[in-house]
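Undergrad: Take a look at this one; I'll ask things after.
The values are calculated or read from the model by the stated rules, or taken from the named source; none is laboratory data. Here the structure is a predicted model, which means the values were calculated and not measured. All Cβ positions, even for glycine, are placed from backbone atoms using ideal geometry, and neighbour counts span all protein chains on display.
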Amino acid sequence: MFSDYSMSELGAIFAMQGFAGLILFSVFVLMALGLAIIFGQMGVINMAHGEFMILGAYMTYLVSNVFAAYLPGLFGMYFFVAMILAFIASGALGLFVEWSLIRHLYKRPLDTLLATWGLSLILQQLYRSVFGAREVGVSIPDWMMGSMPVTDMIEVPINGIFVMVLAVGISLAVYVMMFRSNWGKQVRAINQNRVMAGAVGINTEWTDRLTFGIGCGVAGVAGSAFTMIGSTGPTAGQLYIVDTFLVVVFGGAGSILGTIASAFSISQAQSIMEFFLSGSMAKVLTLLVVVGILMIRPQGLFALKLRK
Amino acid sequence: MTFSKNSLFTRQELIGFIVLAAIIFLLLPAVLDNFRLNLFGKYLTYAFVAVGLALCWGAGGILSLGQGVFFGLGGYCMAMFLKLEASTPENTSIQSTPGIPDFMDWNQLTELPFWWVPFHSLTIALIAVVIVPVTFALIIGVAMFRRRVGGVYFAIITQAFAAILTILIIGQQGFTGGVNGITDLRTLKGWDIRTDEAKEVLYFVNAFLLFGVLLIAQFVRKSKLGRILIAMRDQEDRVRFSGYDVASFKIFIFCLGAAFAGIGGAMFTLQVGFMSPTLVGIVPSIEMVIFCAVGGRLSILGAVYGALLVNWAKTSFSESFPELWLFGLGGLFIAVVMLFPNGLAGIWTEQIMPRITKLWAARAGAVAPIPATSTEEEGAI
C-alpha cells in the first residue's frame with residue numbers, strides 16, 4: 001500500500017496524519033483526564049461523563065452568543081470566560097449528582113454504571129429540549145482561524161494547535177493538583193486505604209464529592225475546547241464514552257501518565273491507519289488491538305501497585 | 001405432588017410459571033389485535049436476552065453490556081439464511097449479478113463471500129444461531145475470566161465489543177447490508193413469514209421457545225451449579241479457596257446467556273422481518289440490561305415481565321409523547337437502582353406476597369401459623 005507514494009509524499013502524509021492524530025490525542029486526553037480522576041481515583045463508573053462534557057460545550061455556545069450580542073469588542077477573548085464558566089457549570093452539576101446519586105452507590109459499582117447511564121439519557125433529552133436536536137457550532141474568534149504552513153506540503157490548523165496547547169495546560173494543572181496539592185494527597189490516600197485515611201482525619205465524604213466535581217469540571221473544560229474543532233449535538237457525548245473508558249483502562253486506571261500515554265498511542269494508531277484503510281476499519285482495528293492487549297494485560301499499561 | 005427444596009419447582013415457583021404461561025399463551029392472544037400481538041412477539045424475543053442476563057448478572061454477578069452482540073449474531077445468522085432464500089436468481093434477475101443479495105449487488109460484489117455460502121442450508125443456519133454467539137462468548141469469557149477480570153472492567157470491555165461489531169457491520173456494507181441491515185426477508189422454506197397468520201404462528205413459536213429457555217434457566221438455578229454461581233457472586237474468593245474453578249463456571253453461564261440471546265435474535269429476525277446494527281450496539285445492549293433490572297435481576301420470570309413491560313411502555317410512550325420517553329427511561333434506570341434494586345420481583349416477594357399470606361391466614365381464622373415466606377434472595381422467583 002505504500003508503493004503508490006513517493007518518499008517525500010509519504011513523509012508528508014505521516015506528518016499530516018500524525019498531526020491530525022495529535023488533535024485527536026488532545027481531545028482524548030481532555031476527555032480522559034476527567035475520567036481518570038473519577039474512575040481511576042474513586043473507582044466510580046460515570047457513564048454520563050460525555051454529557052458533562054457536552055454541558056461545557058453548550059456553555060461555550062451560550063457565552064459566545066452573549067459576547068457576540070453584548071460585547072462584540074471582546075469577542076476574541078470570550079473563549080477564556082467560557083472555559084471558566086464551563087468548569088463551574090459542569091463541576092456544580094457534578095457536585096449535585098454526587099450528593100444525590102453517586103454517594104449512595106459507592107459499594108455497588110455496577111449499579112452506579114446503570115444509574116449514570118440513566119442520568120446521561122435524561123441529560124441528552126434535556127439538551128435536546130433546550131437547545132434543539134440540531135448540532136450547534138460556535139463562531140471561532142478570528143485569531144484562531146486559518147492554518148500555519150510548516151513546509152510547502154505540510155500545513156497545520158491554528159485551532160488544532162490551540163486545542164493541543166490547552167490539553168497540555170490542563171494535563172499539567174491536573175498533575176499539579178493531583179501530586180502537589182493537599183486535595184490530591186487526600187485523594188490518593190483515600191484511594192490507597194479509605195478506612196485509614198478517614199482515621200487520620202481526612203474528610204473522606206467531602207473529598208469524594210470534591211473529586212467527582214473536579215473530574216466533571218475538567219470534562220466541562222474538555223467540552224469547551226471541543227467546540228473549537230467540531231460542532232455540538234445532544235448525543236455527541238455518547239459517541240466518545242466507550243473510547244474514553246478504553247483510553248483510561250488501557251492506560252491503567254489510577255495513573256495519569258498512563259492515561260496520557262494510552263491516549264497518545266490509540267489516537268496515533270487510529271489516525272495513521274485512517275489514511276490507508278477506511279475510517280471505520282481503522283477504528284475497528286484500533287479498538288480490537290486495545291481490547292486484545294487488555295485481555296493479555298488487564299491491569300493496563302501503567303498499573304499502580306496497590307494492595308486491595 | 002410434593003415440593004421439596006430439591007425438586008425443580010417450589011409451589012410458589014410453579015404457580016409463577018403457570019400464571020406467566022396463562023398470560024402469554026391465553027390472555028395476550030385473546031385481548032390483542034394482530035398488530036399488537038406481533039409487537040408483543042417482538043418483546044418476547046428480548047425476553048430471551050433478559051432471562052440470560054438474569055442468570056449471568058443476577059445469579060453470577062457478571063454484568064455484560066454486550067448482550068446485543070450475541071442477539072445480533074444470532075439474528076444475523078438467521079437473516080443471512082432468509083436473505084439467501086429471498087435472493088433466488090429469478091427474484092434478482094434485474095441485478096448485474098443475479099442470485100446474490102441485493103445489497104451486495106449495489107456494492108459491486110460479483111460473487112457470494114465464502115462465509116455466506118454455508119447459510120444456504122437451514123440446518124447450518126439454525127446451528128450457527130447458537131454456535132456463533134457461544135463461540136464468541138467462549139473466546140471473550142476464556143480471555144477475561146481466566147485472568148480474573150470481572151466487574152466493571154468486564155462490563156466496559158463487553159461494551160467495547162458492542163461498539164466494535166456495530167462499526168464493523170456498518171463499515172462493511174457490501175458484506176453485511178450496512179446501516180440498513182438485512183431487509184426484505186420473505187420466506188422460510190417457502191413459508192411466507194410476512195402474513196398476519198405467520199406472525200401469529202411465530203408468536204407462539206416464540207412463546208414455546210421462551211418457556212424452553214425458562215425451564216433450562218430454572219434447572220440451572222436449582223442445580224448445584226446455580227448455588228455455586230450465587231456463592232461466587234457473593235464471595236468469589238471463598239468459592240475459589242474451596243477448590244472450585246471459578247472461571248469455568250463464569251464462562252459457562254456467560255456462554256449460556258449468549259446462547260439465549262442468539263436464539264432471541266434469530267426469533268427477532270423471523271418475527272420482525274429484518275436485522276440491523278441498531279439492535280447490536282451500545283444503546284440496545286444496555287437497554288436489554290434494564291429489562292432484566294426492572295423485572296428483578298434475581299428472577300428469571302421477572303426478567304420476562306420486565307422485557308414485556310419496558311418495551312410496552314416504550315412503544316406506548318413513543319407513540320404519544322416521543323420526547324418524554326428518554327426522560328422516562330433515564331428515570332427508570334435511576335429509580336430501579338436507587339429505590340427497588342430487586343425490581344418487580346423484589347416488590348412482589350417483599351411487599352405483596354407477605355400481605356397476601358397474612359390476609360389468607362386471617363381469613364382462615366388466624367389459627368394456622370403464618371407460613372414463612374422465602375426470605376432468601378435466591379428464593380425470589
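Undergrad: Is region A:150-161 home to any residue that is within 18 Å of A:G50 (Cβ to Cβ) and touching a helix residue (DSSP H, G or I) at 6+ places or on another chain (Cβ under 9 Å)?
TA: no
Undergrad: Let me ask something else. Looking at region B:3-53 only, could you name the residues that are of a type outside the set (S, T, Y) and not in a helix (DSSP H, G or I)?
TA: B:F3, B:K5, B:N6, B:L8, B:F9, B:L32, B:D33
Undergrad: Right, here's the next one. Being crowded, with 16+ Cβ neighbours inside 10 Å, of a type in the set (A, V, I, L, M, F, W, C) and more than 28 Å from A:L101 (Cβ to Cβ) is the requirement here; does A:A189 meet it?
TA: no
Undergrad: Condition (residue is under 19 Å from the mean Cα position of the chain (by Cα) and among the aliphatic types (A, V, I, L, M)) applied to region A:274-285: is it met by at least one residue?
TA: no
Undergrad: Just checking, which of B:D184, B:D105 is away from every other protein chain (no Cβ under 14 Å), buried (at least 18 other Cβ atoms within 10 Å of the Cβ) and acidic (D, E)?
TA: Going through B:D184, B:D105 in turn, the sole match is B:D105.
Undergrad: Let me ask you something else. Is it the case that some residue within region B:287-300 is under 16 Å from B:C77 (Cβ atoms) and more than 14 Å from the chain's Cα centre (by Cα)?
TA: No, region B:287-300 contains no residue that is under 16 Å from B:C77 (Cβ atoms) and more than 14 Å from the chain's Cα centre (by Cα).
Undergrad: Which one is nearest to A:V291 (Cα to Cα) among residues in region B:127-150 that are without any contact (Cβ under 8 Å) to a residue 60 or more places away in the chain and more than 10 Å from chain A (Cβ to nearest Cβ)?
TA: Of everything passing the filter in region B:127-150, B:T135 is nearest to A:V291 (Cα to Cα).
Undergrad: Give the residues of region B:334-366 that are touching a Leu at 6+ places or on another chain (Cβ under 9 Å) and within 14 Å of chain A (Cβ to nearest Cβ), sorted by residue number.
TA: B:I334, B:V336, B:V337, B:M338, B:N342, B:G343, B:G346
Undergrad: Taking only pairs six or more apart or across chains, which ones have beta-carbon atoms under 6 Å, a first residue in region A:293-304 that is modelled with pLDDT of 75 or more, and a second residue that is charged (D, E, K, R) and surrounded by fewer than 18 Cβ atoms within 10 Å (Cβ to Cβ)?
TA: A:P298/B:R147
Undergrad: Would you mind finding the one in A:L62, A:L35, A:L74 that is part of a helix (DSSP H, G or I), farther than 23 Å from A:S267 by Cα and modelled with pLDDT of 85 or more?
TA: None of the others qualify; the one that does is A:L62.
Undergrad: Name the single residue that is nearest to B:G262 (Cα to Cα) among those in region B:60-73 being within 14 Å of chain A (Cβ to nearest Cβ) and of a type in the set (G, A, S).
TA: B:G68
Undergrad: Only one of these is under 29 Å from B:A50 (Cα atoms) and either part of a loop (DSSP other than H, G, I, E, B) or away from every other protein chain (no Cβ under 14 Å) (or both): B:Y76, B:Y153. Name it.
TA: Of B:Y76, B:Y153, the one residue that is under 29 Å from B:A50 (Cα atoms) and either part of a loop (DSSP other than H, G, I, E, B) or away from every other protein chain (no Cβ under 14 Å) (or both) is B:Y76.
Undergrad: Moving on. Among the residues of region A:16-29, how many are modelled with pLDDT of 85 or more and under 13 Å from A:V248 (Cβ atoms)?
TA: 1
Undergrad: Can you confirm whether A:A282 is more than 9 Å from chain B (Cβ to nearest Cβ), closer than 17 Å to A:G18 by Cβ and in contact (Cβ under 8 Å) with a residue 24 or more places away in the chain?
TA: It is false that A:A282 is more than 9 Å from chain B (Cβ to nearest Cβ), closer than 17 Å to A:G18 by Cβ and in contact (Cβ under 8 Å) with a residue 24 or more places away in the chain.
Undergrad: Also, I was wondering about something else. Going by the structure shown, is A:I54 in contact (Cβ under 8 Å) with a residue 60 or more places away in the chain, among the aliphatic types (A, V, I, L, M) and in contact with a Phe, Trp or Tyr (Cβ under 7 Å, 6 or more places away or on another chain)?
TA: It is true that A:I54 is in contact (Cβ under 8 Å) with a residue 60 or more places away in the chain, among the aliphatic types (A, V, I, L, M) and in contact with a Phe, Trp or Tyr (Cβ under 7 Å, 6 or more places away or on another chain).
Undergrad: Can I ask one more? Determine whether region A:70-82 contains at least one residue that is free of Cβ contacts under 8 Å to residues at least 60 places away in the same chain, of a type in the set (G, A, S) and within 14 Å of chain B (Cβ to nearest Cβ).
TA: no
Undergrad: Hey, among B:A50, B:A59, which residue is touching a Lys or Arg at 6+ places or on another chain (Cβ under 7 Å) and under 30 Å from B:V239 (Cα atoms)?
TA: The unique qualifying residue is B:A59.
Undergrad: In addition: Of the conditions (1) modelled with pLDDT of 85 or more; (2) outside any helix (DSSP H, G or I), B:T110 satisfies every one except a single condition; which number is it?
TA: Condition not satisfied by B:T110: (1).
Undergrad: Identify all residues within region A:238-260 that are buried (at least 18 other Cβ atoms within 10 Å of the Cβ) and away from chain B (no Cβ under 12 Å); write none if there are none.
TA: Within region A:238-260, A:G251, A:G254, A:S255, A:I256, A:G258, A:T259, A:I260 qualify.
Undergrad: Looking only at region B:113-140, which residues are under 22 Å from B:L165 (Cβ atoms) and assigned to a loop (DSSP other than H, G, I, E, B)?
TA: B:P113
Undergrad: Farther than 22 Å from A:N182 by Cα and within 14 Å of chain B (Cβ to nearest Cβ): does that describe A:S231?
TA: Here the answer is no, as A:S231 does not meet what is asked.
Undergrad: Since B:L168 meets every condition but one in (1) modelled with pLDDT of 90 or more; (2) within 22 Å of the chain's Cα centre (by Cα), which condition does it not meet?
TA: (2)
Undergrad: Answer with yes or no whether A:A173 is of a type in the set (G, A, S), over 18 Å from A:A236 (Cβ atoms) and either within 12 Å of chain B (Cβ to nearest Cβ) or loosely packed, with under 15 Cβ neighbours inside 10 Å (or both).
TA: yes
Undergrad: Report, by residue number, each residue of region B:162-174 that is more than 7 Å from chain A (Cβ to nearest Cβ), in a helix (DSSP H, G or I) and not aliphatic (A, V, I, L, M).
TA: B:T166, B:Q173, B:G174
Undergrad: Search region A:261-279 for residues being farther than 30 Å from A:G184 by Cα and either acidic (D, E) or within 14 Å of chain B (Cβ to nearest Cβ) (or both), and hand back the single one that is surrounded by the most Cβ atoms within 10 Å (Cβ to Cβ).
TA: A:Q270
Undergrad: Report, by residue number, each residue of region A:102-128 that is facing chain B (nearest Cβ under 7 Å), at pLDDT below 90 and either more than 14 Å from B:V336 (Cα to Cα) or not in a helix (DSSP H, G or I) (or both).
TA: Matches in region A:102-128: A:P109 only.
Undergrad: Which helices (runs of 4 or more DSSP H) does region A:138-255 wholly contain that include 3 or more residues that are aromatic (F, W, Y) and in contact (Cβ under 8 Å) with a residue 24 or more places away in the chain?
TA: A:236-251
Undergrad: Among (1) surrounded by fewer than 24 Cβ atoms within 10 Å (Cβ to Cβ); (2) of a type in the set (G, A, S); (3) over 28 Å from A:I161 (Cα atoms), which single condition is A:G73 missing?
TA: Exception for A:G73: condition (3).
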